[in-house]
Amino acid sequence: MKLCIVGTGYVGLVAGAGFADMGNEVTCVDVDERKVERLRRGEMPIYEPGLEDLVRKNAAEGRLAFTTELAASVPGRAIVFLAVGTPQSETGAADLRHLFAAAEAVGRAIKGHTLIVTKSTVPVGTGAELRTRLARLTDQPFSVCSNPEFLKEGAAINDFMRPERVIIGAEDPTATELLRYLYEPFVRTTGRFIAMDVRSAELTKYACNAMLATRISFMNEIANLCERVGADVESVRQGMGSDGRIGPKFLFPGVGFGGSCFPKDILALLHTARQTGSHLRVIEAVHEVNDLQKQVLGAKLAAHFAPGGLGNRQIAVWGLSFKPATDDVRESPAIDVIREVLAQGGRVTAHDPVAIAAFQAHFGTHERLSYADSPYDAVRGAHALVLVSEWGEYRRPTFDRIKALMADPVLFDGRNIWSPHEAATSGFRYYGIGRSEPR
Ligand code: NAD
């Protein structure tokens, strides 16, 4: 099938490469000329495992092309996907400026019957709004559908190529059938292609993200309670996760969730609710708990260094991306932690396997913030090591080597990846999340 994808970010690029890999002819369009130039040279604008090989292979075989020329890429395409960003606006609502600009450019360019499919995460009612806007711009036949994306950064290729399910929102049965045909090879094993109306599909995406975020905030509150009552949240988590009704996923306490989706999608959902006079009390609490959780490491550092305070002490930070296996630093908890250390007067030496450049571009420079080429270089002379994102290479470090390099052997484990017992026997003072010594 001939497809066009508008927006070549984490979602658009993975989807474009994935559709091409199933034999479709895909043109990816972006307004960012530098990004398109890099992609044409086979350079990835983002870090995503497996992406470079997939893009290069499909580009070389002539099924995947990159361009800034939207008007030339839309006519004759059966399906045009909108995968542009829908960031948070000042009110918390999703900012739909990019989406409307892209959709209107598509509307002006379509020739012959075209499915315009929103892959971006958009508030309920956006599909209806697009239909109205497009009808003003074209007399060509079109149908607006919703196809929310559920891939996870860091595992995006596998999630896209083998999704647990594909959700389609459409009002027109022939549109549903065309999308079913497109996705059939992707859901061959599970067979899960779930068709519904557009509004329900739009809401499903927000409801999923809100549910996952709820589990995280729930566990963070349980972790904080564990510290008060002398329980170990890691034992509680395993006990809970073994209940088939609950399951083990998304029960990991930590430093609060970040990323380009959960925080903004929760605020957008709350905004949608407010507009309709609804009150989503649980989700409001999820947001509030997360804001508080992002301060937990800073508070633990302040308590450890009291009463003198951090002064000019050096703090090593491991992990800058919002989670492992990505260079995405949007809303990363590392931002809050580093800001807090700097505000308390400390110095930071940070390491991340891939996200240093993205973090520098996002955070800017600070005279007391520097970066190290290796995790061990980062801890040299440090008075504490703070782990923020749990990259594989941080999971089993050589504690003796770390201790020999540090000025003070103190660990703040923001993801509970280390054993408090091993840390203690290696001579460290250990702080986790919800892991106080049992009474
Ligand atoms: P992104 O910021 O990485 O990429 C968006 C791209 O759209 C950019 O390259 C930008 O230049 C381009 N763009 C903006 N306006 C354009 C226009 N008018 N024409 C052409 N291109 C344009 O965003 P992302 O992370 O890929 O997210 C895209 C959407 O998918 C968002 O709605 C997001 O919420 C949703 N989503 C993201 C993820 C994820 O893990 N990143 C997962 C599921 C859903």
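Hey, how many Å between the Cα centroid of the range 260-275 and the Cα centroid of the range 147-190?
Comparing the Cα centres of the range 260-275 and the range 147-190, I get a distance of 24 Å.
How high is the FRET efficiency from ALA299 to ARG396, r the C-beta distance, R0 25 Å, rounded to 0.05? Before the final figure, lay out the partial values.
Details: r = 28 Å, r/R0 = 1.11.
Given R0 = 25 Å and the Cβ-Cβ separation, E is 0.35.
Find the centroid of the Cα atoms in the range 30-45 and in the range 194-209, then give the distance between the two in whole Å.
So the separation of the two Cα centres works out to 31 Å.
Let me understand the chain better: what is its radius of gyration from the alpha carbons, and its Dmax, in angstrom?
23.5, 74
Could you check the simple spin-label distance between SER89 and THR365, using points 7 Å along Cα→Cβ, in nm with one decimal?
Between SER89 and THR365, the simple spin-label model gives 3.6 nm.
Hey, rough spin-label estimate for HIS271 and ARG429, points 7 angstrom out along Cα→Cβ, what's it come to in nanometres?
4.3 nm
With a/c under 1.5 counting as rounded, go ahead and sort the range 2-196 into rounded, prolate or oblate using the C-alpha gyration tensor (a ≥ b ≥ c being the square roots of the eigenvalues; past the cut-off, prolate if a/b is larger than b/c, else oblate). Can you show the working numbers first?
On the way: a/c = 1.33, a/b = 1.18, b/c = 1.13.
Judged from the Cα gyration tensor, the range 2-196 comes out rounded (a/c under 1.5).
Working only with C-alpha atoms, what are the Rg and Dmax values of the range 206-292, expressed in angstrom?
Over the range 206-292's Cα set, Rg and Dmax evaluate to 13.9, 43 Å.
Normalised by the number of residues in the chain, what is the relative contact order in percent for Cα pairs under 8 Å and 6+ residues apart?
Reported relative contact order: 12 percent.
Given the chain, what percent of its DSSP beta bridges are antiparallel, to the nearest 5?
Numbers: 3 of 47 bridges.
Expressed as a percentage, antiparallel bridges in the chain total about 5.
Of the accessible area of the range 206-292, with the probe set at 1.4 angstrom, what percent is carbon plus sulfur?
In the range 206-292, the share of accessible area belonging to carbon and sulfur is 61 percent.
To the nearest 0.05, how large is the calculated FRET efficiency for ARG38 and ASP243 if R₀ is 51 Å and r is the Cβ-Cβ distance?
0.60
Sort 165-175, 17-27, 127-137 by the packing proxy (mean of other Cβ within 10 Å over each peptide's residues), most packed first.
17-27, 165-175, 127-137
Could you check how much of the accessible area of the range 294-431 is carbon and sulfur, as a whole percent, using a 1.4 Å probe?
Roughly 47 percent, rounded to a whole number.
TRP391: net charge of surrounding residues, Cβ under 14 Å, Lys/Arg +1, Asp/Glu -1, itself excluded?
Once all neighbours under 14 Å are counted, the net charge is -3.
So, for the range 294-431, what is the accessible surface per residue at a probe of 1.4 Å, expressed in square angstrom? Intermediate values should be presented prior to the final figure.
On the way: 5660 Å² over 138 residues.
Per residue, the range 294-431 has an accessible area of 41 Å².
Where the centre of each part is set by its Cα atoms, how far does the range 353-384 sit from the range 291-308, in angstrom?
About 20 Å separates the Cα centre of the range 353-384 from the one of the range 291-308.
Report, by chain and number, residues whose modeled amide H sits under 5 Å from the one on MET406, excluding near sequence neighbours (fewer than 5 apart, same chain).
Hits under the 5 Å cutoff: GLY381.
So how far apart, in nm, are the two label points at LYS111 and MET22 if each is 7 Å from Cα heading toward Cβ?
It is 2.7 nm.
Percent relative contact order of the range 206-292, based on C-alpha pairs within less than 8 angstrom and at least six residues apart?
39 percent
Given a 1.4 Å probe, how much area per residue of the range 226-293 is accessible, in Å²?
52 Å²
Would you be so kind as to identify all helices of the chain, as entire DSSP H runs, whose Cα atoms reach 24 Å or more along the helix's own axis and whose mean Kyte-Doolittle hydropathy is at least -0.5? Walk me through the numbers before you get to the answer.
On the way: long enough: 198-229 (47 Å, 0.21).
For the chain, where a helix must reach 24 Å along its axis and average at least -0.5, the hits are 198-229.
Anyone know which of ALA361, ALA195, ALA109 comes out most mobile in the 10 Å Cα GNM of the chain?
For the chain, modelled as a Gaussian network with Cα springs under 10 Å, the answer is ALA361.
Just the number, please: carbon plus sulfur as a percent of the accessible area of the range 56-189, 1.4 Å probe, no ligands or DNA/RNA counted.
Answer for the range 56-189 is 50 percent, counting heavy atoms of protein chains only.
Anything over 27 Å Cα to Cα? Flag those among LYS35/LYS264; LYS2/LYS264; LYS300/LYS403; LYS152/LYS294, in the order listed. Mind dumping the intermediate values first?
Details: LYS35/LYS264 24 Å; LYS2/LYS264 32 Å; LYS300/LYS403 20 Å; LYS152/LYS294 21 Å.
The pairs that break the limit, which is 27 Å between Cα atoms, are LYS2/LYS264.
For the range 2-196, with every protein chain kept in place, what is the accessible area per residue (1.4 Å probe, Å²)? All intermediate terms of the calculation are to be shown ahead of the outcome.
On the way: 8540 Å² over 195 residues.
That works out to 44 Å² per residue.
The values are calculated or read from the model by the stated rules, or taken from the named source; none is laboratory data. Because the structure is a prediction, the values reported are computed rather than measured. Please note: Cβ atoms are built from the backbone with ideal geometry, for glycine as well, and neighbour counts cover all protein chains shown. What goes into the accessible areas is simple: the full protein's heavy atoms, side chains included, and nothing from ligands, DNA or RNA. Shrake-Rupley method; radii C 1.70, N 1.55, O 1.52, S 1.80 Å.
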